[in-house]
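Below: the structure, in structure tokens.
Every number here is computed from the coordinates shown, using simple stated rules; none is lab data. Just so it is clear, the model here is predicted, and its values are computed rather than measured. Heads up, the Cβs are rebuilt from the backbone with ideal geometry, glycines too, and the neighbour counts pull from every protein chain shown.
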Amino acid sequence: MPNLDGALCHVDKNSHYWLSFIESEIEYAKSKCPECPAIMECAGIILEVPDAVGVLAGTSEFDRMELTWKEVDGVEGTNWEGLGRFVSENL
């Protein structure tokens, strides 16, 4: 988890939830992220470190994996794309 000034994941009484594998704890962490003053910096980390662990900017590791999956035609491609594709499609 990044050490960002004012980040809720560092000051929340349940800060260990941001690195949990328990669904209810992950959902708690994700629900707090929109209130965090460091959410934009955290989102930038997702783009810099695509294999980052834990809840970042309101997304879990699984959420980020789903965002990078795509269907391919034929045997020659890969089903994985970087998050850059997701960002460019939604800007």
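Just a few scattered comments:
- Residue identified as in contact with a Lys or Arg (Cβ under 6 Å, 6 or more places away or on another chain) and on the phi < 0 side of the Ramachandran plot among L67, L8, L19: L8
- Pick from region 1-31, criterion of a type in the set (A, V, I, L, M, F, W, C) and assigned to a helix (DSSP H, G or I), ranking: farthest from E61 (Cα to Cα): V11
Yes or no, residue by residue, for (1) of a type in the set (D, E, K, R); (2) farther than 21 Å from T68 by Cα; (3) within 10 Å of the chain's Cα centre (by Cα):
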{"site": "G6", "(1), (2), (3)": "no, yes, no"}
{"site": "H16", "(1), (2), (3)": "no, yes, no"}
{"site": "F21", "(1), (2), (3)": "no, no, no"}
{"site": "E25", "(1), (2), (3)": "yes, yes, no"}
{"site": "Y28", "(1), (2), (3)": "no, yes, no"}
{"site": "S31", "(1), (2), (3)": "no, yes, no"}
{"site": "E35", "(1), (2), (3)": "yes, yes, no"}
{"site": "A38", "(1), (2), (3)": "no, yes, no"}
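- Among residues of region 35-59, those that are part of a helix (DSSP H, G or I), of a type outside the set (V, I, T) and either touching a residue at least 24 places away in the same chain (Cβ under 8 Å) or in contact with a helix residue (DSSP H, G or I) (Cβ under 9 Å, 6 or more places away or on another chain) (or both), counted: 4
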